[in-house]
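Worksheet for the structure shown next.
The values are calculated or read from the model by the stated rules, or taken from the named source; none is laboratory data. These figures come from a predicted structure and were not determined experimentally. For neighbour counting, all protein chains shown are included, and Cβ atoms are generated from backbone atoms with ideal geometry for every residue, glycine included.
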Amino acid sequence: MGARIIGSGSYLPQKCVTNHDLEQMVDTSDEWIVRRTGIRTRYLLEPDQEPARMGIAAAKRACEDAQVSLETIDLFIVATNFPDMICPGSSPFIASGLGLDQTPFFDLKAGCSGFVYGMAIADGLIRAGLYKHILLVGSEALSRVTDWSDRKTCVLFGDGAGAVLLETGRADEGVLGSAIFGDNDKALLLHMPAGGTRTPADSSTLQQGGHFLKMEGAGVYRSAVPMMERATREALAAASLSLDDVDWLIPHQANIRIIDSLAVRLQVDKEKIITNLDRVANTSTASIPIALDEARQDGRIKSGDVVVMTAFGAGVTYGAVVVRI
Ligand code: UT7
């Protein structure tokens, strides 16, 4: 039997940055940002706050929501692209903050699709009977890799974390189907040039801003809609369901125009689409679990609802997962 969601939690930092605040930093305007992206505010870590605090808080809330004690978790996965440290990642720091003493953990790096990849992988591990309770966190401190002088990227991102606790479910609940894909020709559409082993950080990479996220926005934009459409259709086919069976669609929260185009291509009613990017912006691997948690907690998503989550991101990766809550 596959993985069902028995709890969710999310965390956003306190500091709220508006588009008007960004007008003071780069040559942009609230009008441009809202019209081109739909984003109005984002929440950012303070410089002295450790990124792991976000994953710890979201995971604690998911465990409280599930009313499951931490000892029952037998695998812990953190989907993140910009970990607390390149080595050993984020998962050991979040595990330590949670008090997960003996639980195995690992980081999963699959662009902004990391949470969807994580759901598909966790479902497979649960189906194989290898684990019974998997804690999956999406956590991203994008403000730490953002070039705050580059108006093409700095207006898009926010920090945050979301988490779900997964347990072995019955045949008719939990993950009903999933589909994940990759297109390595587009590896450089979104990348950080320096700081890895190909180009280790030194004073010249620092001077050139090689440690900041670079993005070819229009290229990502063009790919995003057909990729999420394909993934959604294939995950539904794997679940033997159609778009008519879907109660809620939670797309990766990158740009409202991408989400609107996806809705048109899939012919999904806008009322069925959960968005929060106007408030939280693009939080990469955290975007879907934050939106999912908010909609579960405010009562929009109810037990028995069929939810499709779909994402695209650096790599490029893309995918979708169909879940009965
Ligand atoms: O998780 C995945 C992460 N990435 C994404 O999802 C990004 C996907 N891409 C997008 O969302 C859009 O491509 C952007 C929002 C990044 C850009 O929107 P666009 O409609 O593709 O604009 P553009 O890049 O074609 O730029 C149009 C103009 C340019 O000026 P010129 O060359 O026409 O004079 C840009 O320099 O808008 C300018 N521009 C801005 N102006 C004001 C770019 N950023 C800004 C800005 N404020 N922040």
Are there any pairs with C-beta distances below 7 angstrom linking a residue in the range 227-245 that is not assigned by TED's automatic domain parsing to the domain that holds C112 to a residue that is part of a helix (DSSP H, G or I) and polar (S, T, N, Q), with the two at least 6 apart or on different chains, and if so which? none
Those residues that are part of a helix (DSSP H, G or I) and in contact (Cβ under 8 Å) with a residue 60 or more places away in the chain, I need them from the range 292-319; list them, please. L292, D293, E294, R296, Q297
Residue check: is S204 assigned to a helix (DSSP H, G or I), assigned by TED's automatic domain parsing to the domain that holds V316 and exposed (fewer than 14 other Cβ atoms within 10 Å of the Cβ)? yes
Cβ pairs under 9 Å, 6+ apart, first in the range 108-119 and of a type outside the set (D, E), second modelled with pLDDT under 95 and more than 11 Å from the ligand (Cβ to nearest atom): none
Inter-residue pairs, beta-carbon under 6 Å, first over 21 Å from I290 (Cα atoms) and in the range 33-47, second of a type outside the set (D, E) and within 15 Å of the ligand (Cβ to nearest atom), 6+ apart: I33/N19; I33/I39; I33/V155
Considering the range 67-97 alone, what residues qualify as being in contact (Cβ under 8 Å) with a residue 24 or more places away in the chain, closer than 22 Å to T168 by Cα and outside any strand (DSSP E or B)? Q67, V68, L70, T72, I73, D74
Cβ-Cβ below 6 Å, separation at least six or inter-chain, first residue in the range 139-153 and within 12 Å of the ligand (Cβ to nearest atom), second assigned to a strand (DSSP E or B) and among the aromatic types (F, W, Y): which pairs? L142/F157; T146/F157
Of the listed residues (I121, I126), the one being of a type outside the set (S, T, N, Q) and surrounded by 24 or more Cβ atoms within 10 Å (Cβ to Cβ) is I126
